Amino acid sequence: MSEDVSIVLIVAIVFAFIGFRVYLKYRTEQLRSGAGQLSTSLQDENVALKAKALELEDRIQVLESIVTNKNFRLEEEINSLS
């Protein structure tokens, strides 16, 4: 191999390495910022789901109190007799 080709090859390898390193740094920062947004989104969804679960638990308690109410049971028994 001639000396000129060797020099060009070495310079190309160095620039390729530097370019690849810059690309990896860019992708790392991009993934970090995306992970932060995803984490925030998941936390918001988690809070919303917990609020919905509490709301549904309250509704179930109301329904249970209606069904176990003596007046409700008496009315059901009267309706079943007719």
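Does A48 satisfy the criteria of being in a helix (DSSP H, G or I) and under 35 Å from the mean Cα position of the chain (by Cα)? For A48, the condition - in a helix (DSSP H, G or I) and under 35 Å from the mean Cα position of the chain (by Cα) - is met. Scanning segment 62-75 for residues that are surrounded by 10 or more Cβ atoms within 10 Å (Cβ to Cβ), in a helix (DSSP H, G or I) and among the polar types (S, T, N, Q) gives a single hit, S65.
For segment 33-43, the count of residues that are surrounded by 10 or more Cβ atoms within 10 Å (Cβ to Cβ) and over 17 Å from the mean Cα position of the chain (by Cα) is zero.
Bear in mind these aren't lab numbers, they're just calculated from the coordinates by the rules spelled out. Bear in mind that the values here come from a model prediction, so they are computed numbers and not experimental data. Positions of Cβ are backbone-derived with ideal geometry, glycine not excepted, and every protein chain shown enters the neighbour counts.
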